[in-house]
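J.: Have a look at this one before I ask anything.
Bear in mind these aren't lab numbers, they're just calculated from the coordinates by the rules spelled out. Computed from a predicted model, the values in this text were never measured in an experiment. In this analysis, Cβ positions are derived from the backbone assuming ideal geometry, glycine residues included, and neighbour counts consider all displayed protein chains.
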Amino acid sequence: MDRFSFVGLGLGLLTVFATQWVEGGSLTVLFQAPAAVVVGLGTLAATLLSSNGSDWRAAAREGLRAFMPIPDRRELLVSRFRDLALIARKDGLVSLDHSQRALPTFFMQRSIRHVIDGCEAGQLREVLETELRGRSAASQAGALVFEVAGGYAPTMGILGAVLGLVRAMESLSDPEQLGAGIAIAFVATIYGVGLANLVLLPIAAKIRSLAERQQAEDAMIVEGTIALQAGIAPRTLERMLAAHLPPREPAR
């Protein structure tokens, strides 16, 4: 599990409760089932209406990845392609079959399989870039579901607050109940704004960040695979792919 994601989520929730406690408010007032139902089910319903099944599958997959540690494999890709180029130069491209399963990503395994099977250069680039676009589109679709839900949640919070105020107005003759009812009504707004800004929108941003890094890795795989098929020298291939790595900080 990615500890930074859980720390961020926990810190956000703690901030809400700590603020309520420091200001002398009751923590129990923040737990209101009707408000949670309106915001939770209302946001879910609106998001379902604005998306389709494939979007939800992508959102579920990418949402889980947002809480998992995803290693940066770009340096590993450089060394692996260099090693494959050395093997191919010595024993030919067919010999890469023995090294295929040890490759770090499924996309790289499939890419090398196309090379082993003798896919033509023009066709190889088209196949790999088509798959790359499909992977990118799936990630973006998952992020969009969370962004859409993050847009609806505050509105559902306002809806819950209005419904709560309607109920509170029924107690105009009792000022104590009226004040308590108004306080409870605005809990729905807290739920909506908090759900959007502490959970849904940060997850969408995390998905997009991971997708950008995945696209960088996939672009390296496409370039490395095509260069490998073209028979580029191992050291030249290594330098080509190393250009995609982020600059190192100078040693102090």
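J.: Using 0.36 nm per residue of separation minus the Cα-Cα distance, give me the extension gain between residue 45 and residue 213 in nm, one decimal. Mind dumping the intermediate values first?
T.: Details: separation 168, 0.36 × 168 = 60.48 nm, distance 3.17 nm.
Result: 57.3 nm gained on full extension.
J.: Before rounding to the nearest 500, sum -39500 (n - 2.57) across all DSSP H runs of length at least 4 in the chain and divide by the residue total; then give [θ] at 222 nm in deg cm²/dmol. Don't jump to the answer; show the numbers that get you there.
T.: Values: 10 runs with 187 residues, N = 252.
Calculated at 222 nm, the ellipticity per residue is -25500 deg cm²/dmol.
J.: Further question on the same structure: Between (1) 21; (2) 44; (3) 49, which entry matches percent of Cα pairs over 32 Å apart as derived from the coordinates of this structure?
T.: Read-out from the structure maps to (2).
J.: Let me ask something else. At R0 = 51 Å, how high is the FRET efficiency between residue 94 and residue 173 if r is their beta carbon distance? Nearest 0.05 is fine. Mind dumping the intermediate values first?
T.: Numbers: r = 88 Å, r/R0 = 1.73.
The pair residue 94/residue 173 has a calculated efficiency of 0.05.
J.: Compute, for the chain, the length of the dipole vector about the Cα centre, with Cβ point charges of +1 (Lys, Arg) and -1 (Asp, Glu) only. Units Debye, rounded to 20.
T.: Working: 24 positive and 24 negative charges, 185 e Å.
The dipole of the chain has a size of about 880 debye.
J.: What Kirkwood Rh does the stretch 1-48 have if only Cα atoms enter the pairwise 1/r average? Answer in Å. The partial results should precede the final answer.
T.: Numbers: mean 1/r = 0.0781 Å⁻¹.
Result for the stretch 1-48, one decimal place: 12.8 Å.
J.: Here is a follow-up. Can you work out the FRET efficiency for the pair residue 17 and residue 113, with r the C-beta to C-beta distance and R0 = 45 Å, to the nearest 0.05? Intermediate results must be reported in sequence, preceding the final value.
T.: On the way: r = 52 Å, r/R0 = 1.16.
Efficiency computed from Cβ-Cβ geometry: 0.30.
J.: OK, next. So how far apart, in nm, are the two label points at residue 127 and residue 140 if each is 7 Å from Cα heading toward Cβ?
T.: Inter-label distance under the simple model: 2.5 nm.
J.: Given Cβ point charges of +1 (Lys, Arg) and -1 (Asp, Glu) and nothing else, what value in debye, to the nearest 20, does the dipole of the stretch 4-100 about its Cα centre take?
T.: The dipole magnitude comes to about 340 debye.
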